[in-house]
1. Tell me, yes or no, whether segment 136-154 has at least one residue that is part of a loop (DSSP other than H, G, I, E, B), farther than 25 Å from Glu34 by Cα, away from the ligand (no atom under 14 Å from the Cβ) and free of Cβ contacts under 8 Å to residues at least 12 places away in the same chain.
2. Determine, yes or no, whether Ile62 is over 17 Å from the mean Cα position of the chain (by Cα), under 18 Å from Val216 (Cβ atoms) and within 16 Å of the ligand (Cβ to nearest atom).
3. Across segment 19-52, what is the total count of residues that are of a type outside the set (A, V, I, L, M), within 16 Å of the ligand (Cβ to nearest atom) and out of contact with any Ser or Thr (no Cβ under 7 Å at 6 or more places or on another chain)?
4. For segment 258-271, name all the residues that are in a helix (DSSP H, G or I), more than 10 Å from the ligand (Cβ to nearest atom) and not β-branched (Val, Ile, Thr).
5. In this structure, is Ala223 within 16 Å of the ligand (Cβ to nearest atom), in contact with a Phe, Trp or Tyr (Cβ under 8 Å, 6 or more places away or on another chain) and either in contact (Cβ under 8 Å) with a residue 60 or more places away in the chain or over 30 Å from Leu141 (Cβ atoms) (or both)?
6. Could you tell me how many of the residues in segment 76-101 are among the hydroxyl-bearing types (Ser, Thr, Tyr) and touching a residue at least 60 places away in the same chain (Cβ under 8 Å)?
7. If I filter segment 101-113 for residues that are under 21 Å from Cys64 (Cβ atoms) and within 16 Å of the ligand (Cβ to nearest atom), do I get at least one hit?
8. Just to verify a result, which residue in segment 243-257, among those that are more than 10 Å from the ligand (Cβ to nearest atom) and not polar (S, T, N, Q), is surrounded by the most Cβ atoms within 10 Å (Cβ to Cβ)?
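Bear in mind these aren't lab numbers, they're just calculated from the coordinates by the rules spelled out. From a predicted model like this one, the values you see are computed outputs, not experimental measurements. Note: ideal-geometry Cβ built from the backbone for every residue, glycine included; neighbour counts use all protein chains shown.
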Amino acid sequence: RNYPAMACEYFTHKGVLFPCLDYSPENLSYVENEFQVRDDDVFNITYLKSGTNWMVEILSLIRCGGDPGWVRSVLNWDRAPWMESWPGLEAALKYPPPRLLCSHLPIQLFPKSLQRSKAKIIYTLRCPKDVLVSLYHFSKLVHLFKDPGSLDSFLEDFLSGNVPYGSWFDHVTGWMGLKGNENFFFITYEELQQDPWGSVRRICHFLGNELSEEQVAAVVENASFQSMKGNKMSNFSQLSDKYMDHQKGEFLRKGICGDWRNHLSETQSQQFDTVYQKRIDQPKPVPEPEL
Ligand code: A3P
């Protein structure tokens, strides 16, 4: 089977690029304006390639007290559907509460009903240079995304937000606006790597689902890169050819911090730093009043 003809096209919705495969402006509008967030929902929110599926595994295992039965018998995208794609939305609407849902949406496109709810949000941030490298490789495998071309041109696209789901900088600054809110939990991919036990304990505490030391250890073990790689319910080997060319590589690629150093040149890294400094390090200028 060969699907490329129907894939790799994008459309723009409210200034953000989305793949045509499985996404539509109608669905995105429905999600933003009509989707009803429940107080008992847990949202796993990330920019692309920031550890979304690792967090799905952790959250799935926490729900089961570390027992791997669920993660070994149910596909990860059924355990935590992708709200904004149409198959994910359909699954989210049928999901018996309490729901575990995923989203890469920038905050301005997220369901408005979140504002009136007590739903819990977990936001995972990853070093953006590693996100760039991971997304570069991923874009070569999946039919949802266009071929990224050279790393140089992809770097330009990434820095200007000309990639699916839009700018990493907008995503992060948008969601970080919720920092300090009691229903918002923020963690980094790097923290998960450095201190998986402490990270899992903190997530459990946020969810109000305290686990024993043994259960925390079971969550860490069953959500490890190696465990996920060997679990066909979590390693995307079951994803249809419609979405991914399995001959070209694996979803679980390296799973490390700092891989960007193996890919970005000094010049490319500096180009990144210049934009990062402008967008993240420096405070936003006060807008000029209109005269
Ligand atoms: P790499 O391409 O750098 O290996 P997402 O789930 O948001 O698409 O993110 C995918 C990235 O997270 C990939 O990064 C993948 O290998 C990594 N990843 C997935 N599960 C992981 C785990 N258990 N431990 C560490 N990294 C993991």
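1. yes
2. Taking the combined requirement at face value, the residue satisfies it.
3. Selection size over segment 19-52: 2.
4. Of everything in segment 258-271, those that are in a helix (DSSP H, G or I), more than 10 Å from the ligand (Cβ to nearest atom) and not β-branched (Val, Ile, Thr) turn out to be Arg261, Asn262, Glu266, Gln268, Ser269, Gln270, Gln271.
5. It is true that Ala223 is within 16 Å of the ligand (Cβ to nearest atom), in contact with a Phe, Trp or Tyr (Cβ under 8 Å, 6 or more places away or on another chain) and either in contact (Cβ under 8 Å) with a residue 60 or more places away in the chain or over 30 Å from Leu141 (Cβ atoms) (or both).
6. 1
7. yes
8. Here the answer is Met244.
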